[in-house]
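Asks: What follows is a structure written as structure tokens; I'll ask about it next.
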Amino acid sequence: DLDAAMVVLADQPSLTKDDLRDLICRFKKREPGIDMVYPRVDGIPGNPVMLSAELAAFLAQEDPPLEGRQWRAAHPSACLAFETTNRHYIEDLDTPQDLDNFQARRARDCKA
């Protein structure tokens, strides 16, 4: 008995509870017919995403499971991008260089 599902990537260490709360609030305020809400920073789609319970169930039952970005591309009118300047939504650690850059930024932030 879910109201919604949030899909969160494991490699986004900058995300905070406030970031997640903002996404949840945007989802709760969506118009009828919107099944996916996602952040967009400078035109770049970000993560995590919120899915209606119906969409989450549909994506999970596909074999192989359908990715949210594929569904979003095929159903743009059922998706809502909320524009934000919060780079936490698009910062992820895919490579060793990404990790090095992240650690360097954190070290600079701690010294400031």
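The values are calculated or read from the model by the stated rules, or taken from the named source; none is laboratory data. The model shown is predicted, which means the values in this text are computed figures rather than measured ones. Heads up, the Cβs are rebuilt from the backbone with ideal geometry, glycines too, and the neighbour counts pull from every protein chain shown. Accessible surface is based on the protein model in full, side chains and every heavy atom, while ligands, DNA and RNA are left aside. Shrake-Rupley method; radii C 1.70, N 1.55, O 1.52, S 1.80 Å.
Asks: Read phi for every residue in the range 36-53 and hand back ³J(HN,Hα) as whole Hz from Karplus 6.51 cos²θ - 1.76 cosθ + 1.60, θ = phi - 60°, with x for Gly and Pro.
Replies: 9, 10, 9, x, 9, 10, 6, x, 9, x, x, 9, x, 10, 10, 10, 4, 4
Asks: Another question, then. Calculate the spin-label point distance for residue 11 paired with residue 29, positioning each point 7 Å from the Cα along the beta-carbon direction, and give it in nanometres.
Replies: Here the answer is 3.2 nm between the modelled labels.
Asks: Where the accessible area of the range 23-88 is counted over protein heavy atoms with a 1.4 Å probe, how much of it, in %, is carbon and sulfur?
Replies: Answer for the range 23-88: carbon and sulfur cover 52 percent of the accessible area.
Asks: Based on DSSP H runs of at least 4 residues, each adding -39500 (n - 2.57), what is the mean residue ellipticity at 222 nm of the chain after dividing by all its residues, to the nearest 500 deg cm²/dmol?
Replies: -12000 deg cm²/dmol
Asks: What FRET efficiency comes out for residue 67 versus residue 2 if R0 is 22 angstrom and r is the Cβ-Cβ distance? Round to the nearest 0.05.
Replies: Step by step, r from the Cβ atoms, then E = 0.70.
Asks: How far, in nm, would the chain grow between residue 109 and residue 21 when pulled straight, counting 0.36 nm per residue and subtracting the alpha carbon separation?
Replies: Separation in residues times 0.36 nm, less the Cα-Cα distance, equals 29.3 nm.
Asks: Over the range 1-76, what is the relative contact order in whole percent, taking alpha-carbon pairs under 8 Å and six or more residues apart?
Replies: The normalised contact order for the range 1-76 reaches 34 percent.
Asks: Something else now. Rounded to the nearest 5, what is the percent of antiparallel bridges among the DSSP beta bridges in the chain?
Replies: About 55 percent, rounded to the nearest 5.
Asks: Same structure, new question: What number comes out for accessible area per residue over the chain if the probe is 1.4 Å? Units Å², please.
Replies: Accessible surface, normalised per residue, equals 67 Å².
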